[in-house]
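Student: Take this structure first; my questions come after.
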Amino acid sequence: MKTLGSDFADETGANPGSVDALGQLLKLVGVVESGGEARGLLAGGDVRVNGQVDVRRGRKLVAGDLVEIAGAEPWRITVETASEE
């Protein structure tokens with residue numbers, strides 16, 4: 001399992017704390033390149049948050065959430081996200 005936390009920021013230079021929505025996470029971790037691509041992936045039911053299929057690109061993420069993407073390693077949110085600030 002990968003984590004979206006300070007170690008991710010150290011490795012990539014990205015600011016994981018700026019992520020506040022599921023679509024943003026999918027782009028930040030490189031699963032999709034655009035919002036349209038994220039919409040398609042989500043519409044196909046290929047993304048789960050905390051074990052539940054979620055089709056909302058704007059779904060707010062918080063520390064502790066587990067995001068599972070079909071065909072990819074799961075991600076655990078370990079930093080405070082923009083929606084929690």
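Student: Using modelled amide H (1.01 Å from N, peptide plane; none on Pro or chain starts), what sits under 5 Å from the amide H of Ala21, excluding residues fewer than 5 places away?
Tutor: Residues meeting the amide H criterion: Leu61.
Student: Further question: Can you tell me the length gained on complete extension of the stretch Lys27 to Thr78, counting 0.36 nm per residue apart and subtracting the Cα distance?
Tutor: 16.6 nm
Student: Residues in the stretch 44-68 near a label at Met1, defined as backbone nitrogen under 18 Å from the 7 Å Cα→Cβ point?
Tutor: 47-54, 61-68
Student: Tell me the label-point distance for the pair Lys60, Arg39, using the 7 Å Cα-to-Cβ offset, in nm and rounded to one decimal.
Tutor: About 2.3 nm, to one decimal.
Student: Peptides 31-43, 62-74: what's the order by average Cβ count within 10 Å, highest mean first?
Tutor: On the way: 31-43: 15.3, 62-74: 13.5.
Descending mean neighbour count gives 31-43, 62-74.
Coordinate-derived values only; no laboratory data. Just so it is clear, the model here is predicted, and its values are computed rather than measured. Here the Cβ is made from the backbone with ideal geometry for all residues, glycine too, and neighbour counts use every protein chain on show.
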